[in-house]
Amino acid sequence: MTRVTELRAGLCLIDLDFQGEPGVIAAYLVEDAGEYALVEVGPTSTLEVLLDGIRAAGIDPRAISKALVTHIHLDHAGAAGSLVQRFPQLQIYVHEVGATHLADPSRLLASAQRIYGDRMDTLWGDVLAVPPANIVAVSDEERIRIGGTTLTALYTPGHASHHVAYLTEDRREVFTGDVAAIRLQGFDYVRPATPPPDIDLELWTASLDRLRALEVDALHLTHFGSFSDVSRHLTAAHDQLYAWADFIQKRAAQGWQPEEMKRALRERADTEVKAVHRDEEAVRRYELAAPSGMSVDGYLRYFRKRQSAG
Ligand SMILES: [Zn+2]
């Protein structure tokens with residue numbers, strides 16, 4: 001069953017049902033004046049769910065002319081190449097730093113392979129290169145037209161060095177990708193998403209401040225859904241990012257091994273979810289959206305980089 005939610009006229013959320021779990025990865029379908037665009041495309045493993053969702057919204061996938069991705073991680077943009085193969089008219093919008101990796105995903109795949117090992121295919125499916133002619137590299141403040149409206153790309157590094165969020169023309173909503181962290185629909189718990197290789201806490205703080213200054217009415221998260229308690233959410237995203245950073249940094253200073261830290265952070269993360277929601281399923285879904293072990297690797301790499309930079 002494909003779950004499509006109309007958030008307002010011209011905006012639908014498609015639940016990609018990642019690994020058979022609802023409410024973990026979203027794609028958004030934007031329409032204005034007969035033009036259609038996606039924000040995020042998800043991984044190739046959920047491509048059929050995405051296409052079913054588009055059809056369930058009453059739209060022929062061939063009518064979609066643009067797909068805007070917030071960054072190139074496989075859960076956000078992995079399906080871009082497969083989509084273009086099937087719909088050659090589709091233009092993929094991505095920050096200029098991410099563009100080369102969509103055209104040649106070999107480095108991205110090597111890095112993902114180190115993290116996911118033999119689960120690569122099950123989790124993500126094939127990752128095809130996007131032909132350069134189908135890639136539109138965007139920079140900060142660039143406006144992307146969809147029918148009579150525009151989305152503005154906001155360069156918001158921190159989770160990834162090439163991350164952009166997309167602001168609606170009325171400046172009331174922003175598609176946050178992963179820069180506003182992870183929070184499942186209907187839940188109050190906000191969880192950091194800090195995978196390797198290029199998280200950066202200082203840049204991330206600046207990006208969260210930038211989002212806050214927009215004073216929007218809604219944040220549309222990829223993981224997962226739409227939230228209107230914007231200020232509270234962004235504060236929690238910032239505080240949790242640093243709470244987990246402290247947790248890892250202290251243990252690293254005490255000589256803990258990464259595997260021990262991963263076990264400890266997993267326990268902490270599960271406890272944090274359960275403190276807010278007594279829901280075992282939620283524990284599993286949060287872990288699927290942002291694996292805690294990967295967060296440890298991301299922080300450790302960041303601390304090492306900062307140390308060697310002096
Ligand atoms: Zn990501």
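The numbers here are math on the coordinates, done by the rules we state, and not lab data. This one's a predicted model, so the numbers in the text were calculated from it and none came from an experiment. Glycine gets a Cβ as well: all are built from the backbone with ideal geometry, and neighbour counts include every protein chain shown.
For the chain, the mean residue ellipticity at 222 nm estimated from helices alone is -13000 deg cm²/dmol, where every DSSP H run of n ≥ 4 contributes -39500 (n - 2.57) and the total is divided by all residues, rounded to the nearest 500. Positive-end ranking of S82, S106, V138 along the dipole of the stretch 3-308, with charges on Cβ about the Cα centre, is headed by S106. For T271, put the label point 7 Å out on the Cα→Cβ axis and report which residues of the stretch 229-250 keep their amide N under 18 Å from it. Hits in the stretch 229-250 for T271 at 18 Å: 240-250. In terms of the mean number of neighbouring beta-carbon atoms within 10 Å, the peptides 109-116, 190-197, 282-289 order highest first as 190-197, 282-289, 109-116.
Across the chain, counting alpha-carbon atoms alone, Rg and Dmax equal 18.3, 59 Å. Look at the dipole of the stretch 183-310 built from charges on Cβ: of L203, Q257, V273, the Cα furthest out on the positive end belongs to Q257.
In plain terms, the residue of R62, R251 with the fewest other Cβ atoms within 10 Å comes first and the most crowded comes last, giving R62, R251. Ordered by the number of other Cβ atoms lying within 10 Å of each residue's own Cβ, fewest first, V4, V174, V97 fall into the sequence V4, V97, V174.
For the peptides 175-187, 212-224, the ranking by mean Cβ contacts within 10 Å, running from highest to lowest, is 175-187, 212-224.
Mean separation of Cα pairs under 8 Å and 6 or more residues apart, divided by the residue count, gives the stretch 112-258 a relative contact order of 18 percent.
Extension gain, A206 to S308, is 34.5 nm, computed as 0.36 nm per intervening residue step minus the present C-alpha separation. Around the Cα centre of the stretch 3-156, unit charges on the Cβ atoms of Lys, Arg, Asp and Glu (plus for the first two, minus for the last two) sum to a dipole of about 180 debye.
Could you give the size of the charge dipole of the stretch 3-308 about its Cα centre, using +1 on the Cβ of each K and R and -1 on the Cβ of each D and E, expressed in debye and rounded to the nearest 20?
My answer is approximately 640 debye.
Note on L109 and R143: the extension gain reaches 9.3 nm, defined as 0.36 nm multiplied by sequence separation minus the Cα-Cα distance. Between the residues T222, G20, T122, the greatest Cα displacement towards the positive end of the dipole of the chain, with unit charges on the Cβ of Lys, Arg, Asp and Glu, is found for T122. When each of D239, D198 is scored by the number of other beta-carbon atoms lying within 10 Å, the sequence from fewest to most is D239, D198. Database remark: amide H of T222 closer than 5 angstrom to the amide H of T176, G177 (H placed geometrically; neighbours at sequence offset of 5 or more, or on other chains; Pro and chain starts carry no H).
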